[in-house]
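My questions will all concern the structure given below.
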């Protein structure tokens, strides 16, 4: 961004933050024990090791400094404003991040299509957390990241576990635990899911004389010299395929380092994402399927104003239920479209002549 665009973006971000009426809007639990971190439009690097004792003082800081990005630590510290060696770690929320970067073929999708695929992975994660770990809705928050994905915060239950135990949770969520390297307890939910898939193959074996040909078509594997339904090799092949299918259906494509890291910084709900101009939004768990981030994450302050920008790279926009393709040139467009374009590096705000 050029200097004029930076000044305009800061002006519009200030408009959003100055309209905040509720001091609790960011919802940071145990604020006094969190490290806060910020990056700014006109300053390189990140400002870290910041802390506040009240929401009011935090909001005053934000209004006076206008961050491009606003994060807080998943960890709780005794001395959050000190350097890492002196912070004294007291625990950390369990955090999950699901992003479009992990979706195969996402680069060829429209923005809305990519976000729908990410939401499928989110729903897989939530199913595993609720059914396998017995995490209640009251113990977690689901958040749209403001750009390409979703975050899930799990509070209190896993606070005291460290990185190795969190890695084991990652192995479970991603289905890596089904690899066969370690035997699964038969009562484990993954074992039950794999058995269900295996039973579907067994139905083919038990119900059709041409079971072998049907199985080969179903699983895409040449069963070669296998002749008997009771062949141990057949059982091994089918269990392996059942494991693959269960993993594909239930495992979630989370960003693994985010969950493992006990000092992670995570984007603050109801802050603005500095590369899209969209809000980081809390989502009602009962409305996840109907939640449309490209409508509901647009701040009210950015909806009505029209502004002039120069599009510097051919760009595509998909916000508020509309899809546009802009070639290089000068345009008048809604502020939310303009901010998205400029923050993505595809345009600049125009000074009035």
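Taken together, the values in this text are just the output of simple stated rules run on the coordinates, not laboratory data. For clarity, every value in this text was computed on a predicted model and none was experimentally measured. Every residue, glycine among them, receives a Cβ derived from its backbone with ideal geometry; neighbour counts consider all protein chains shown.
Provide the descending list of Cα extents for the range 103-251 along its principal axes, expressed in whole angstroms.
54, 39, 24
In terms of the Cα gyration tensor, with a ≥ b ≥ c the square roots of its eigenvalues, is the range 1-155 rounded because a/c is under 1.5, prolate because a/b exceeds b/c, or oblate?
oblate
Here is a further query. Simple spin-label model, 7 Å along Cα-to-Cβ: residue 176 to residue 14 in nm?
4.7 nm
Shifting gears a bit: If r is the Cβ-Cβ distance from residue 295 to residue 83 and R0 is 41 Å, what FRET efficiency results, to the nearest 0.05?
0.45
Return one quarter of the surface area of the convex hull spanned by the alpha-carbon atoms of the range 242-353, equal to its mean projected area, in nm².
10.6 nm²
Hey, rough spin-label estimate for residue 163 and residue 288, points 7 angstrom out along Cα→Cβ, what's it come to in nanometres?
2.8 nm
Could you tell me which label, among (i) 159; (ii) 172; (iii) 201, carries the value of volume of the Cα convex hull per residue in Å³ calculated for this structure?
Matching the structure shown: (ii).
Also, quick follow-up: Whole Å is fine, so just give me how far the alpha carbon centre of the range 275-353 lies from that of the range 80-139.
A separation of 24 Å, based on Cα centres.
Got the relative contact order for the range 1-77 handy, in percent, Cα pairs under 8 Å and 6 or more residues apart?
Worked out over the range 1-77, it gives 37 percent.
A further question on this structure: Once you have a ≥ b ≥ c as the square roots of the Cα gyration tensor eigenvalues for the range 185-250, tell me rounded if a/c is under 1.5, and otherwise prolate or oblate according to whether a/b is larger than b/c.
Prolate is the answer for the range 185-250, as a/c is 1.5 or above and a/b outweighs b/c.
Rounded, prolate or oblate: pick one for the range 258-305, where a ≥ b ≥ c are the square roots of the eigenvalues of its C-alpha gyration tensor, a/c under 1.5 means rounded, and failing that, prolate if a/b is larger than b/c, else oblate.
Because a/c hits 1.5 or more and a/b fails to exceed b/c, the range 258-305 counts as oblate.
May I pose another question? What translational diffusion coefficient, to the nearest whole µm²/s, does the range 300-349 have by Stokes-Einstein, given a Kirkwood radius computed over alpha-carbon pairs, a temperature of 10 °C and 1.306 mPa s viscosity?
150 µm²/s
Can you sort 166, 217 from fewest to most other Cβ atoms within 10 Å of each residue's own Cβ?
Details: 166 20, 217 11.
Least crowded to most crowded, the residues run 217, 166.
Also, quick follow-up: Just to confirm my numbers, what's the Cα centroid distance between the range 1-39 and the range 216-233 in Å?
60 Å
In addition: Using just the alpha carbons, could you tell me how many Å³ per residue the convex hull of the range 6-83 encloses?
In the range 6-83, the Cα convex hull volume per residue is 83 Å³.
I need the calculated FRET efficiency for the pair residue 192 and residue 25, taking r as the beta carbon distance and R₀ as 56 Å, to the nearest 0.05.
About 0.85, to the nearest 0.05.
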